[in-house]
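Quick notes on the structure that follows.
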2 protein chains.
Amino acid sequence: MDKVPTIKDVADRAGVHAATASRALNTATRGMVNTRTVTRVLEAAKALGYAPNSAARSLRTRTSSVAGVIIPDLRNPVFPPIVRGIEDGLREAGYMALLGNTDGDIDRERELFDAMRGRQTDGFILATSRRDDELPATVPTVLVNRRTDTGAVPSVTADNDAGVRMVVRSLVELGHSRIGHVAGPRHLSTGWERYRAFVDATGAESVTFAAAFTEEAGFEATLRLLDAYEGLTAIVAGNDLIALGCYAALASRGLSVPEDVSVTGFNDIPFADRQRPGLTTIRIPHYDIGLESARLLLARIANPAAPAKRIVLPVELITRGSTASPKP
Amino acid sequence: MDKVPTIKDVADRAGVHAATASRALNTATRGMVNTRTVTRVLEAAKALGYAPNSAARSLRTRTSSVAGVIIPDLRNPVFPPIVRGIEDGLREAGYMALLGNTDGDIDRERELFDAMRGRQTDGFILATSRRDDELPATVPTVLVNRRTDTGAVPSVTADNDAGVRMVVRSLVELGHSRIGHVAGPRHLSTGWERYRAFVDATGAESVTFAAAFTEEAGFEATLRLLDAYEGLTAIVAGNDLIALGCYAALASRGLSVPEDVSVTGFNDIPFADRQRPGLTTIRIPHYDIGLESARLLLARIANPAAPAKRIVLPVELITRGSTASPKP
DNA sequence: TTGTATGCGTTATCAA
DNA sequence: TTGATAACGCATACAA
């Protein structure tokens with residue numbers, strides 16, 4: 001008998017009917033089965049190495065214990081720790097993650113979403129939504145590190161507003177008064193919220209928008225910023241990768257960090273401390289963001305009618321060598 | 001009618017039997033259906049927004065178009081690009097990836113493996129196997145960046161042997177003759193193969209083994225190496241993270257890189273170029289390793305009897321500031 | 001507390 | 001070329 005054992009095999013071995021075995025195996029219904037019967041069934045299951053066929057179970061219960069996780073690109077260093085947190089959070093409830101990358105392509109996101117839905121995914125964790133996204137209300141969904149403007153979808157994010165204010169305050173305390181901002185894309189909540197916070201905190205207009213949260217886009221946007229606003233002594237970058245683009249752009253203009261211009265990032269990605277100079281940035285709790293988003297999703301799956309929580313996790317200023325007082 | 005349409009709904013709308021609709025919808029069986037019937041069915045499916053219920057299909061066909069991907073820890077920077085390549089490779093065939101992390105824990109690996117199997121996974125891509133692992137022959141499996149000693153399991157790896165030889169040759173050409181090796185764990189094929197290649201290439205005995213492929217383990221093993229073998233002018237590290245541990249250990253002894261000791265890594269992880277000094281290392285084609293492993297798995301799923309290919313991808317020496325000629 | 005019967009949606013087999 | 005029917009493995013409403 002090489003074939004995979006079914007619940008029928010377990011039932012036969014335990015001398016009960018398949019229905020009883022099913023009840024004994026399932027913790028929720030175990031209560032309605034005689035204790036001795038339960039042990040017999042459990043022993044039989046163990047002896048046979050029984051594992052329930054999830055396809056059959058899904059077909060019957062319309063749940064799969066699988067969540068879809070859709071992100072732009074795993075190679076962006078913010079995502080690995082977040083995804084890791086998600087996976088650990090899902091595992092607490094016996095869930096697993098189906099992973100997909102979109103490269104920011106909205107059609108691909110749609111495709112992936114549909115394909116995962118076809119695979120009976122119980123819910124979604126999305127790191128890809130634009131601020132104006134309309135998400136189908138039919139399936140439990142949580143946004144991670146992103147929000148929609150309406151706030152109708154539950155989300156887990158870092159405190160972008162507080163982070164930017166911390167960074168700006170530290171620059172002001174160092175004596176900077178001409179501060180620029182290389183913002184992330186407007187259509188992403190992270191880019192937008194940090195931009196709003198920067199304008200609120202500084203009242204400054206010296207802002208350019210990078211086309212993406214990448215080093216290349218940061219490089220390009222920094223050059224535009226330098227051309228448009230003279231005499232800046234500090235640049236607040238929309239995230240760490242953009243900040244690295246700032247480094248390169250400043251170097252290309254013969255400016256050094258932090259002697260000529262201070263630079264700050266956002267996220268504290270791995271290796272931010274190894275840059276030259278080390279990057280002053282805002283540390284967000286990557287792993288916990290993932291973990292909380294998984295838990296939030298599980299809660300939504302358990303009770304889809306629950307209000308759409310928006311969890312905002314605290315951030316921390318990490319001061320390194322990329323910021324200093326401006327030259328007199 | 002808000003409910004999800006089934007094949008029965010499609011069949012009714014097209015005026016055919018469900019079995020016929022199934023044949024028309026499935027490309028493999030489409031040939032046995034009248035062309036006009038096919039178009040009618042396809043139109044009906046489109047009109048209803050029909051998507052097959054994969055649980056029902058899996059139950060019937062015993063396939064799922066899902067592959068399990070099990071790695072030690074996504075936060076290790078080698079894995080994101082590999083996983084990304086895997087995902088893209090799987091997608092070419094309409095497959096998706098179920099992702100799991102083990103933290104190197106063999107029990108957890110077993111658990112994940114079983115849990116994924118229970119979810120009707122069609123095959124596995126494992127980055128976790130030890131050299132002596134016995135893998136169940138019952139389900140198609142491919143190893144990525146790892147091999148077992150017997151070679152009975154198909155695998156996709158970088159050319160560890162050639163990489164180490166390139167590194168050693170370049171050090172020798174720089175004039176080094178007292179070269180040490182901080183190897184990765186013996187029980188992993190990457191650690192073992194690079195160690196063997198080092199010994200073959202140098203004939204040297206100056207080796208210590210790190211407990212893991214991490215910076216901390218590299219730090220600790222480097223201190224042991226320095227204590228055991230005096231006068232080393234170069235250290236070949238088992239991978240980049242270990243090399244960063246070397247940097248730290250050398251610094252703690254007041255030695256500078258590359259003036260006192262040259263250091264090399266392996267993998268060329270993102271940001272290896274940003275270290276201080278930039279790390280001379282072997283670049284492995286992370287993404288392609290993932291891509292090829294996905295394709296290999298798909299081939300094995302299509303034909304499980306096919307011979308167990310072992311694909312070895314070429315590597316490249318990347319010279320940066322961490323290597324130089326020894327002091328006279 | 002346990003057994004019986006049924007159906008989830010799909011596809012494979014068999015017959016027409 | 002199509003239709004009828006059964007079966008994949010499980011969980012539940014109902015009966016005992």
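Excluding same-chain neighbours fewer than eight residues apart, the lysines reachable from B:Lys3 by a Cα-Cα span under 24 Å are B:Lys46.
Label points for B:Pro307 are taken 7 Å from Cα along Cα→Cβ. From this copy to the others they lie 6.6 nm apart, shortest first. Other residues within the sphere of radius under 14 Å centred on the Cβ of B:Asp273, judged by their own Cβ, net out at +2 (K and R +1, D and E -1). When you filter the trypsin sites (Lys or Arg not before Pro) in the stretch B:193-244 for DSSP loop state and at most 15 other Cβ atoms inside 10 Å of their Cβ, nothing is left. Here the protein assembly as shown has an Rg and Dmax of 27.8, 89 Å, counting Cα atoms alone. With the label put 7 angstrom out from Cα along the Cα-to-Cβ vector, B:Gly203 ends up 7.6 nm from the copy partners, going from closest to farthest. Using the Cβ-Cβ distance between A:Ala19 and B:Arg186 with R0 = 45 Å, the FRET efficiency computed as 1/(1 + (r/R0)^6) comes to roughly 0.30.
Extending 7 Å from the Cα toward the beta-carbon at both A:Val199 and A:Arg110 defines two label points whose distance is 3.0 nm.
Return the calculated 222 nm mean residue ellipticity for the protein assembly as shown, to the nearest 500 deg cm²/dmol, obtained by summing -39500 (n - 2.57) across DSSP H runs with n ≥ 4 and dividing by the residue count. Walk me through the numbers before you get to the answer.
Values: 22 runs with 274 residues, N = 656.
It lands at -13000 deg cm²/dmol.
Each residue, A:Thr150 and B:Val172, gets one label point 7 Å from its Cα in the Cβ direction; the gap between the two is 6.9 nm.
Other residues lying with their Cβ under 14 Å from the Cβ of B:Val41 contribute a combined charge of +4, Lys and Arg counting +1, Asp and Glu -1. Counting Lys and Arg as +1 and Asp and Glu as -1 over every other residue whose Cβ lies under 11 Å from the Cβ of B:Pro258, the net charge comes to 0. Under a cut-off of 23 Å between alpha-carbon atoms, report the lysines in cross-link reach of B:Lys327, not counting same-chain residues fewer than 8 places apart. Of all the lysines, none pass the test against B:Lys327 - Cα under 23 Å, at least 8 places apart if same chain. What is the calculated FRET efficiency for A:Asp227 to B:Arg310, with r their C-beta to C-beta distance and R₀ = 56 Å, to the nearest 0.05? Calculated transfer efficiency: 0.55.
Both radii come from the Cα set of the stretch A:7-52: Rg as radius of gyration, Rh as Kirkwood radius; their ratio Rg/Rh reads 0.90.
Ranked from shortest, the separations from the 7 Å Cα-to-Cβ label point of B:Ala251 to its equivalents in the other copies are 1.8 nm. Computed from the alpha carbon positions, the gyration tensor of the stretch B:160-284 leads to an equivalent ellipsoid with semi-axes of 17, 16, 15 Å, biggest first.
Dipole of chain A computed with +1 at Lys/Arg Cβ and -1 at Asp/Glu Cβ about the Cα centre; of A:Pro81, A:Leu241, A:Pro326, farthest Cα towards the positive end is A:Pro81. Treating r as the C-beta distance of B:Asp12 and A:Thr63 and R0 as 30 Å, the FRET efficiency rounds to 0.65. Using Cα pairs under 8 angstrom and six or more residues apart, how large is the relative contact order of the stretch B:160-284, in percent? It comes to 24 percent, rounded to a whole number. What are the trypsin sites (Lys or Arg not before Pro) within the stretch B:1-56 that DSSP puts in a loop, where the Cβ has at most 11 other Cβ atoms within 10 Å? Here the trypsin sites (Lys or Arg not before Pro) that fit, given the DSSP loop and packing criteria, are B:Lys3. D by Stokes-Einstein for chain B, Kirkwood Rh over Cα pairs, 10 °C, 1.306 mPa s: 72 µm²/s. Loop-located GluC sites (Glu not before Pro) across the stretch A:255-327 with a Cβ neighbour count of 16 or fewer within 10 Å are A:Glu259, with loop assigned by DSSP. Return the single residue from A:Pro52, A:Pro80, A:Pro270 with maximal mean-square fluctuation; model: Gaussian network over chain A, springs between Cα atoms under 10 Å. Per the Cα network of chain A with a 10 Å cutoff, A:Pro52 tops the list.
Throughout, read-outs are computed from the coordinates displayed, never taken from laboratory work. Worth saying up front: this structure is predicted, and the values here are computed from it rather than measured. Neighbour counts are summed over all protein chains in view; Cβ atoms, including those assigned to glycine, are modelled from backbone coordinates with ideal geometry.
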